[in-house]
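Please read the structure below before turning to the comments.
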Amino acid sequence: MLILGIETSCDETAAAVVEETGDVARPWAIRSSIIASQIPIHREWGGVVPELASRQHLRDICGVVERAMADATVTWRDLGAVAVTQGPGLVGSLLVGVSFAKAAAVAANLPVIGVHHLAGHIESLALHNGELPLPAIVLVVSGGHTSLYLVEQPGQYHLLSRTRDDAAGEAYDKVAKLLGLGYPGGPVIDRLAKSGNDRAIALPTTRLTHADRNAPALKGDLDFSFSGLKTAVLRHVKSASHPLSESEVADICASFQRVVVSALVERSFVAARRYQAKSIGVAGGVSANSRLRADLKVRGEAREMPTFVPSLPLSTDNAAMIAAAGLRKFRAGVISPLDLNADPALAL
Ligand code: KG4
Ligand code: ZN
């Protein structure tokens with residue numbers, strides 16, 4: 001079976017065709033994956049402007065889907081279903097994808113499957129690496145989320161912890177903005193950090209010990225917090241009596257990145273030990289980070305714990321991961337009704 005995936009939750013209009021392989025260990029293969037990025041549009045404003053994002057999705061969606069179908073050399077008749085990101089994300093942006101997917105599904109007489117954006121990120125791991133040894137701890141770390149999940153059965157995601165304030169990617173973007181490095185911040189900080197001293201500046205690590213009032217069911221000690229770190233960087237920059245030199249900026253980037261990455265890696269391994277996981281996966285935009293990838297690998301090898309990340313193109317937002325998560329739901333017997341609606345705060 002072939003499935004069309006559509007993703008429009010933030011600032012990428014994406015469509016992909018994914019095929020079921022019939023191989024239990026490696027269930028899916030990507031036939032095509034098209035991404036129209038809006039980064040140049042939002043860069044001018046220092047971050048994503050929701051109204052501009054939804055308008056651009058409207059302009060791009062038809063062409064992006066046509067291109068994904070053409071690259072995969074398929075027609076609507078060859079497809080078995082359409083999967084689309086239902087949420088979370090920007091409501092105007094989500095609505096473009098959801099409306100398009102429903103209209104296409106009705107016209108082509110196909111089932112439509114609403115997918116959680118983070119389920120897509122989680123399934124990017126199996127899409128790239130094949131099925132992970134379960135139970136697995138999966139860290140989803142993006143511009144909007146920093147959440148740890150326990151995956152005991154394929155397609156079942158149990159939330160263990162999340163960030164109390166900023167997502168890790170959001171912290172990268174905010175720190176880049178205050179250093180005047182532009183949007184998005186992750187890739188540029190990642191690059192500059194390579195030439196900096198990661199111990200040059202003492203920045204705080206936040207370790208939480210108590211449960212979150214907003215989520216009392218979660219123990220809380222695996223939660224993340226990055227807003228204090230961002231404020232500490234801001235204070236450091238403001239206290240400088242002169243414009244920062246290139247090497248000082250590199251030192252700030254490296255020091256900031258060390259603290260973020262060690263919190264992410266540390267808590268993933270604590271969770272793995274607590275839940276006797278057989279593997280750890282890290283997905284989402286920040287999983288593209290070179291230090292996170294390197295530190296995860298080193299720690300995994302030292303602890304004899306298999307670790308997995310998606311390929312770089314599958315780390316940031318894409319539609320192939322949405323198609324894969326859609327196939328997972330379809331095979332579990334789940335499809336969505338045609339009154340499927342975008343849900344900006346959809347829970348997983
Ligand atoms: O998953 P994603 O494409 O979109 C969301 O669902 O949010 O993640 C985007 C986030 C941005 O905050 C961006 O700065 C961050 O991922 N990012 C990185 C890197 N590449 C992208 N953060 C750190 N290092 C990178 N190399
Ligand atoms: Zn994402």
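Quick notes on this one:
- The lone criterion from (1) surrounded by fewer than 15 Cβ atoms within 10 Å (Cβ to Cβ); (2) assigned to a helix (DSSP H, G or I) left unmet by G333 is number (2).
- Of the helices (runs of 4 or more DSSP H) lying entirely inside segment 78-197, the ones with 1 or more residues being open to solvent by less than 40 Å² (accessible area, probe 1.4 Å) and over 24 Å from S262 (Cα atoms) are found at 91-108, 117-129.
- Pairs meeting the criteria (first residue in segment 290-307 and modelled with pLDDT of 95 or more and part of a helix (DSSP H, G or I), second residue open to solvent by less than 40 Å² (accessible area, probe 1.4 Å) and of a type in the set (F, W, Y), beta carbons under 7 Å, at least 6 apart or on different chains) are R299/F269; R303/F269.
- Index of the failed condition, L244 passing every other in (1) within 24 Å of I201 (Cα to Cα); (2) out of contact with any Ser or Thr (no Cβ under 6 Å at 6 or more places or on another chain); (3) open to solvent by less than 10 Å² (accessible area, probe 1.4 Å): (3)
- Restricting segment 207-241 to residues that are of a type in the set (A, V, I, L, M), under 22 Å from H145 (Cβ atoms) and without any contact (Cβ under 8 Å) to a residue 24 or more places away in the chain, the residue that is most open to solvent (accessible area, probe 1.4 Å): A217
- Counting only residues that are open to solvent by less than 50 Å² (accessible area, probe 1.4 Å) and over 23 Å from K174 (Cα atoms), segment 265-293 holds 9 of them.
- Test for S290: is it more than 13 Å from ligand 1 (Cβ to nearest atom), among the hydroxyl-bearing types (S, T, Y) and under 17 Å from K194 (Cβ atoms): no
- Test: residue in segment 198-206 that is in a loop (DSSP other than H, G, I, E, B) and closer than 30 Å to E12 by Cα: no
- Some residue of segment 60-68 being of a type in the set (K, R), more than 20 Å from S268 (Cβ to Cβ), more than 16 Å from ligand 1 (Cβ to nearest atom) and free of Cβ contacts under 8 Å to residues at least 60 places away in the same chain: yes
- Restricting the first member to segment 1-29 and to residues that are free of Cβ contacts under 8 Å to residues at least 60 places away in the same chain, and the second to residues that are of a type outside the set (G, A, S) and open to solvent by 50 Å² or more (accessible area, probe 1.4 Å), the beta-carbon pairs closer than 7 Å and six or more apart or on different chains are E19/R31; A29/E19; A29/T21.
The values are calculated or read from the model by the stated rules, or taken from the named source; none is laboratory data. These numbers were taken from a predicted model, which means no experiment stands behind them. FYI the Cβ positions are ideal-geometry reconstructions off the backbone, even for glycines, and counts take in every protein chain you see. Side chains are part of the model used for accessible areas, which takes the heavy atoms of the whole protein and leaves out ligands, DNA and RNA. Shrake-Rupley method; radii C 1.70, N 1.55, O 1.52, S 1.80 Å.
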